[in-house]
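Below: the structure, in structure tokens.
The values are calculated or read from the model by the stated rules, or taken from the named source; none is laboratory data. Since the model is a prediction, treat every value here as computed from it, not as a measurement. Glycine gets a Cβ as well: all are built from the backbone with ideal geometry, and neighbour counts include every protein chain shown. Keep in mind that these areas ignore ligands, DNA and RNA; they rest on the heavy atoms of the full protein, side chains included. Shrake-Rupley method; radii C 1.70, N 1.55, O 1.52, S 1.80 Å.
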Amino acid sequence: MSEDLIIRVRDLRKIYRVGEVEVHALRGVNLDVPRGEFLCVAGPSGSGKSTLFHILGGLLAPTSGTVIVDGHDLSKLTDSQRTALRRRMVGFVFQKFNLLPTLTAYDNIAIARHIAGRNQDNDPWFRQVVELLGIADRLHHKPSKLSGGEQQRVAIARAIINHPAILLADEPTGNLDSQNSAAVLKILRDLNERLGQTILLITHDPVVASYAHRVVHMLDGRIVDAES
Amino acid sequence: MVNKLVLENLKHRPVRTALSILAIGIEVTMMLTLVGLSRGMLADVARRARGVGADIVVRPPGTSLIGLSSAPMSEKMVDFLRRQPHVTHAVGSMTHPLSGVTTITGIRLDEFDQISGGFKYLEGGPIRNRDEIIVDRYYARQNNLHAGSTIQLLNRTWRVAGVVEEGKLARLVIPLDVLQELTANPGKISQVWVKVDDPANIPKVIASLKEQLKGYPIYSMEELTSLISVNNVPGLKAFITVIILLAIVVGFLVVFLSMYTAVLERTREIGILKALGASPLYVLNILFRETVLLALAGTVLGILFSYGTRWVIMRWAPASLTQMIVPDWWAIAGAIALGGALLGASYPGWRAARQDPIEALAYE
């Protein structure tokens, strides 16, 4: 395996069993992602991009194939090992922000540190992240008091606070207006350019995809083409 | 961090939190009130027995320690006891149940005065006529009676001759022969109170009486009062155990429902935590801490409520039941409530801990 590949996927298959029926969500996906790349995975609904996202993020075990993320073969990990991997190596950004509604923005970020077993007190990285994302003055508000754009910036802060090897963003602008979408995408690109953060982004939107270094298209559980 | 999340979760649903605390509080109150009532009633019995001022009590064969049986023993026993060496006084009394836990004592007041020093009258004075009655302070307060008031008891009207300080015999006292006549027990008594010349002679007198009166329960006052406990009252311990088990079931069901709905409501949040890498133990820890907090708050509330039930009893029915505050049971009741609550949170917690993060994140 090449030294600068952070993700290496070979012949990845995922079959869901729905009653008596087998649904082939992934049918032999091959994918290489160099460290520091901003990759967009595009494709219609049902093409398998969310399943790929869940497997790469350690939320789902593959049926067969090889998935290596930062040197760890996910196909050989148990549930608890995948949980530990999510804690340290993966950051998620979701379409619906998925912040804990009872906690402030500060605590929503801090809880990711806590789950990873890290102490966030007087952490310069914590301050750097919230300043980078422009949410320093919104930290003591709960999600219900934040705009959609602010909520997504808090979610991005939470995703990168533990220095993940990969940042997985699933339709991160799907619930935002065009202005906030542009702001969030700019932040993601900045994170990639300034911090070298590897990002995999799922979207339907070609405008969103244009922010990435490379776009791969999925259809019927396979990667059908790639463009730079 | 986890504590903050737990507190915020509880604050987020204030009504459910308050209801859970209230239910656990009632569970704890049930336990503390029941134990307090049992101990209070028994302590009251012991205090009244001590208040007579006797050194030895002789009860009829086959009677229980605090039995309310009427009068199965011949009054001739009093004379027999008076003739014993070292015995200075002996007085027979009859106890007759009225309603609930209320009893009436029949006793010869002149003999009772000699052994006990007599009642302390707060109003009025001793009985002079056969239709007169003495009541204690609590009975008078509960029934709004004063010296000179009238009261209906045992199918006849009584005039209150005096209101006395509580702590001797029953709350209602009439002459022994009147009670014997009214209950069709002429010449019968429930127990004999015996006073000896020197406390050092009490064991000697008891030994002699036990030799002569085979089968009769004979106690020194010290022994009698120490025997009046929950463990020595037939059925009481079993009754308390049953009520405590019921209280545990109530606490278990309430916490189960509360946590079950909490887990359902927070499906998405649990999914978020798991996506962030929270282990099943981490999720379980959050729910269990919430449960512990609910149980602790419920225990504190239950302790406060137990003061409330005592106040209510003393305010509205001071002559009926006596409830003690039982600090030694606070931790026990709290532990029982906590155990029931944790049991109630176990299944919802298990469900939460095993939740699939992808399904949970898709939950609307």
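The residues packed around B:T33, meaning those with a beta-carbon under 12 Å from its beta-carbon, carry a net charge of +1 if Lys and Arg are +1 and Asp and Glu are -1. Applying 1/(1 + (r/R0)^6) with R0 = 56 Å to the Cβ-Cβ distance of B:A207 and A:H141 gives a FRET efficiency near 0.10.
Exactly which trypsin sites (Lys or Arg not before Pro) in region B:300-363 are in a DSSP loop and have at most 13 other Cβ atoms within 10 Å? Intermediate results must be reported in sequence, preceding the final value.
Working: sites: B:R310, B:R315, B:R351, B:R354; in loops: B:R354.
Sparse-neighbourhood loop trypsin sites (Lys or Arg not before Pro): B:R354.
Taking the Cβ of B:R13 as the centre, find all other residues whose Cβ is under 10 Å away and add up their charges (Lys, Arg: +1; Asp, Glu: -1). Around B:R13, the charge tally is +2. Using a Cα-Cα cut-off of under 16 Å, which aspartates and glutamates could be cross-linked to B:K204, ignoring same-chain neighbours fewer than 8 residues away? Excluding near neighbours in sequence, the set is B:D55, B:E222, B:E223. Could you tell me whether chain A comes out rounded, prolate or oblate from its Cα gyration tensor? Rule is a ≥ b ≥ c as square roots of the eigenvalues, rounded for a/c under 1.5, then prolate if a/b exceeds b/c, otherwise oblate. Here chain A falls in the prolate category.
Accessible-area rank, largest first, for B:W329, B:W193: B:W329, B:W193, with all protein chains present and a 1.4 angstrom probe. The angle between the Cα long axis of helix B:202-212 and the longest principal axis of the Cα atoms of chain B comes to about 70 degrees, rounded to the nearest 10. Each Lys and Arg contributes +1 and each Asp and Glu -1, all at the Cβ; summed about the Cα centre of the protein assembly as shown, the dipole is approximately 680 debye.
Of the residues B:L342, B:T299, B:V173, the one whose Cα sits farthest toward the positive end of the charge dipole of chain B, with +1 on the Cβ of Lys and Arg and -1 on the Cβ of Asp and Glu, is B:L342. Charge tally for B:L109 (other residues, Cβ to Cβ under 14 Å; Lys, Arg +1; Asp, Glu -1): 0.
Remark: spin-label model distance B:D113-B:M314 equals 3.3 nm, labels positioned 7 Å along the Cα→Cβ axis. Within the accessible surface of region B:197-307, defined with a 1.4 Å probe on protein heavy atoms only, the carbon and sulfur portion equals 72 percent. Taking a straight Cα-Cα cut-off under 28 Å and skipping sequence neighbours fewer than 8 places away in the same chain, the lysines within cross-link reach of B:K120 are B:K168, B:K188, B:K195.
Can you classify region A:104-228 as rounded, prolate or oblate using the Cα gyration tensor, where a ≥ b ≥ c are the square roots of its eigenvalues, rounded means a/c under 1.5, and otherwise it's prolate if a/b beats b/c and oblate if not? It comes out prolate by the Cα gyration axes. On the basis of the beta-carbon distance and an R0 of 60 Å, B:E359 and B:S226 show a calculated FRET efficiency of 0.40.
The heavy atoms of A:I161 offer some 0 square angstrom of accessible surface to a 1.4 angstrom probe.
For region A:43-85, carbon and sulfur atoms together expose 50% of the accessible surface, with a 1.4 angstrom probe and every protein chain in place. Calculated mean residue ellipticity at 222 nm for chain A: -9500 deg cm²/dmol, from DSSP H runs with n ≥ 4 weighted as -39500 (n - 2.57), summed, divided by the residue count and rounded to 500.
Across region A:16-84, the mean sequence separation of Cα contacts (distance under 8 Å, 6 or more residues apart), normalised by length, yields a relative contact order of 19 percent.
A simple spin-label model places pseudo-atoms 7 Å from Cα toward Cβ; at A:H24 and B:H12 they are separated by 4.2 nm. In the context of the full set of protein chains, region B:244-306 has a per residue accessible area of 38 Å² (1.4 Å probe).
Taking a straight Cα-Cα cut-off under 24 Å and skipping sequence neighbours fewer than 8 places away in the same chain, the lysines within cross-link reach of A:K76 are A:K14, A:K49, B:K274.
Going down the list A:K145/A:K186; A:K96/B:K4; B:K4/B:K237, which pairs span over 32 Å between their C-alpha atoms? Among A:K145/A:K186; A:K96/B:K4; B:K4/B:K237, the Cα-Cα distance tops 32 Å for B:K4/B:K237.
Using a cutoff of 8 angstrom between alpha carbon atoms and counting only pairs six or more residues apart, the relative contact order for chain B works out to 30 percent.
Spin-label model, B:I325 to B:R156: label points 7 Å out along the Cα-to-beta-carbon direction sit 4.4 nm apart. With a 1.4 angstrom probe, the accessible area lost at the A-B interface totals about 2200 Å². Taking amide H as placed 1.01 Å from N in the peptide plane, B:L122 has its amide H under 5 Å from the amide H of B:V163, B:V164, B:E165, each at least 5 places away in sequence or on another chain. Please say if region B:71-158 is rounded, prolate or oblate, where rounded means a/c under 1.5 for a ≥ b ≥ c the square roots of the C-alpha gyration tensor eigenvalues, and otherwise the choice is prolate for a/b larger than b/c and oblate otherwise? Prolate, since a/c reaches 1.5 and a/b exceeds b/c.
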